[in-house]
Amino acid sequence: MKKALILGITLMGTVGLASAWAYAAVDDPEITIKEVMKTAMKGGLAKTTIEGKATAEQEAELLKLFKALAANSPPRGDKASWDEKTVALVNAAQAVVDKKPDASTTLKTAVNCKACHDLHKGE
């Protein structure tokens with residue numbers, strides 16, 4: 001029982017650190033929200049990745065874009081909500097890059113344009 005508790009606490013700490021690392025490790029914080037939307041969403045990179053048709057380079061690019069998105073501030077709405085949604089995108093893209101099982105499904109769930117736009121899209 002004690003081992004299970006220690007393992008659980010260790011796992012939770014690891015997930016928390018991974019999330020913090022994913023949020024903080026931005027390669028290019030100069031990428032704007034508009035640029036991320038143009039390439040990742042409207043450009044179809046996220047869709048291609050969800051469908052499993054992206055190359056390793058494209059998957060890495062999507063991860064980079066989502067990290068940059070997380071480094072930006074929301075045009076409107078609550079920063080905590082923004083952080084929650086963008087970190088979910090980063091973690092989902094990282095799962096794809098890491099070839100985790102069900103990563104595509106996780107990414108598809110995280111890429112919810114309406115949920116984010118309703119709260120954070122500027123005028």
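For the pair Arg76 and Lys42, how long in nm is the line joining their label points, each one 7 Å along Cα→Cβ?
So the label points at Arg76 and Lys42 sit 1.9 nm apart.
Give the lysines reachable from Lys64 as a straight Cα distance under 29 Å; neighbours fewer than 8 places away on the same chain don't count.
Filter leaves Lys34, Lys38, Lys42, Lys47, Lys53, Lys79, Lys85, Lys99, Lys100, Lys108, Lys114, Lys121.
Rounded to the nearest angstrom and ordered from largest down, what semi-axes does the equivalent ellipsoid of the stretch 47-123 get from its C-alpha gyration tensor (root of 5λ)?
Numbers: eigenvalues 105, 28, 22 Å².
Each semi-axis is √(5λ); the values are 23, 12, 11 Å.
In the full protein assembly as shown, how much of Ile31 is accessible to a 1.4 Å probe, in Å² to the nearest 10?
Near enough 20 Å² of accessible area.
Determine, from the Cβ-Cβ distance of Thr109 and Glu30 and an R0 of 35 Å, the FRET efficiency 1/(1 + (r/R0)^6), rounded to the nearest 0.05. Let's see the in-between values first.
Numbers: r = 28 Å, r/R0 = 0.81.
Working from the Cβ atoms, E equals 0.80.
The values are calculated or read from the model by the stated rules, or taken from the named source; none is laboratory data. Note that this is a predicted model, so its numbers are computed, not measured. Using ideal geometry, Cβ is built from the backbone for each residue, glycine included, and neighbour counts are taken over all protein chains shown. For the accessible areas, the whole protein counts, side chains as well, though only heavy atoms, and no ligand, DNA or RNA atoms are used. Shrake-Rupley method; radii C 1.70, N 1.55, O 1.52, S 1.80 Å.
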